[in-house]
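Bear in mind these aren't lab numbers, they're just calculated from the coordinates by the rules spelled out. As the structure is a prediction and not an experimental result, all values here were calculated from the model. No Cβ is skipped: glycine too gets one built from the backbone with ideal geometry, and neighbour counts run over all protein chains shown.
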Amino acid sequence: MTKLKMNENQNQFTGRNMVLGVQFLFVAFGATVLVPLLVGIDPAVALFTAGIGTLIFHLITKGMVPVFLGSSFAFIAPIIEATRLYGLPGALSGIVAVGIVYTVVSALVKWRGIKLIERLFPATVVGPVIMIIGLSLAGTAIDMAKTHWPIAVISLATAVIVVVFTKGLIKLIPIFIGIVVGYIAGLVFGVIDFTPIKEAAWLQLPGFIVPEFNWNAILYMIPVAVAPIIEHVGDMYAIGGVAEKNFIEKPGLHRTLLGDGIATGLAGMVGGVPNTTYSEVTGAIALTKVTNPFILRIAAITAIVFSLIGKVSGILKTIPQAVLGGIMLLLFGLIASVGIKTLIDSKTDLSQIRNQVVVSIVLTIGIGGAVISWGNFSLAGIGLAAVVGILLNLILPGESKKVNVEG
């Protein structure tokens, strides 16, 4: 009888379901708002697009997959650089294009299966690309942290302590706790400007921005989609393992990729950042054993509600640069370490000259900031490195190890 009652209530807005939904948003909240704060986008827009994107994902995947979509860390460096080169509206057109790339890959996966991804994006390409994504903004992290080193160190130390020494749900939110403690430190040091909170209305629409078509920004951003696509495949295996279901087969990887793509394209259309599945949320699902997708839809609706509360956006805008810099010192290093882990987990043989060549050239081009221009078009940085890596892997003799996405 109890089991029947639980089944009846699993897709209802009960008190228990509401609390669980807010809890999952809490897990993803720090990371979701960190990305827009770093790239100069209204965090309320990111919350809104995360909520809408999640609901779209659930619609496309027939409501089967317990997923919450939030801001993708992989695009922090490209968005910052694209914004510097082409302006934010131009960078947004690149984000829309990334959504289209996801859609195209979704169609290819439906046509040829997952082996196509494994062939195009082996560990020798994905690993160094992820490393570049993490390392390319190291200087930016230092510049932000040095605006107030004591606050930056406090924020960094808090996040490290949480991720290393804590257990349970607390361990899943090091960024959120690091920001909160860093903010308190900012209050103690008297460096917080409360003007954004005072000027914000209680209820207001997020600061939506319309993209401007820019081929250079599009070509710059598209190749960066390589790493998040591989990450998405791994997340689907991980979430399926927790829920004891094969989401790669049903509803199908092509549907989950399409869900990510439509959500990302929509985010770019209104001034948001690319969306992705969150490992933190997957970890929370594994910890709580709550695999009901309806709970994640409640989290999505809550994110939309938060995005319409102007004071929330105002508070987020008062977070000191040093707090964000301190968190970035950990975050970007962790991203780079994921790239190294990708090579290790896939047992990539770096004694093979062809693998050394691919990895070294990808790293040199990406970190060195190489640029190829023709006419009004150019390809640079991470995007150029990813394209060169894919081509080298296809051209050079021998075979690379596939990425270990099943974890």
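So for Met144, Met269, Met131, fewest C-beta neighbours within 10 Å to most, what's the order?
Met269, Met144, Met131
Could you rank the peptides 386-399, 71-84 by their average count of other C-beta atoms within 10 Å per residue, with the highest value first?
71-84, 386-399
Taking the Cα centre as origin and putting +1 on Lys and Arg beta-carbons and -1 on Asp and Glu beta-carbons, what dipole magnitude results for the chain, to the nearest 20 debye?
The dipole magnitude comes to about 820 debye.
Sorted from largest to smallest, which semi-axis lengths in Å does the alpha carbon gyration tensor of segment 17-347 give for its equivalent ellipsoid, taking the root of 5 times each eigenvalue?
29, 22, 21
State which helices in the chain qualify, where a helix is a whole DSSP H run, it must extend 30 Å or more along its own axis by its Cα atoms, and its mean Kyte-Doolittle hydropathy must be at least 1.6.
15-39, 321-345
Only helical DSSP H runs with n ≥ 4 go in: add -39500 (n - 2.57) per run for the chain, normalise by residue count and round the 222 nm mean residue ellipticity to 500 deg cm²/dmol.
Using -39500 (n - 2.57) per qualifying helix, the result is -23000 deg cm²/dmol.
Please build a GNM for the chain, connecting alpha carbons under 10 Å apart, and tell me which residue among Lys317, Lys171, Lys250 fluctuates the most.
Lys250
Mind listing which trypsin sites (Lys or Arg not before Pro) in segment 282-316 are in a DSSP loop and have 16 or fewer other Cβ atoms within 10 Å?
Those satisfying the criteria are Lys289.
Only sites in a loop by DSSP and with at most 16 other Cβ atoms within 10 Å count here; which GluC sites (Glu not before Pro) in segment 183-248 make the cut?
Glu212, Glu244
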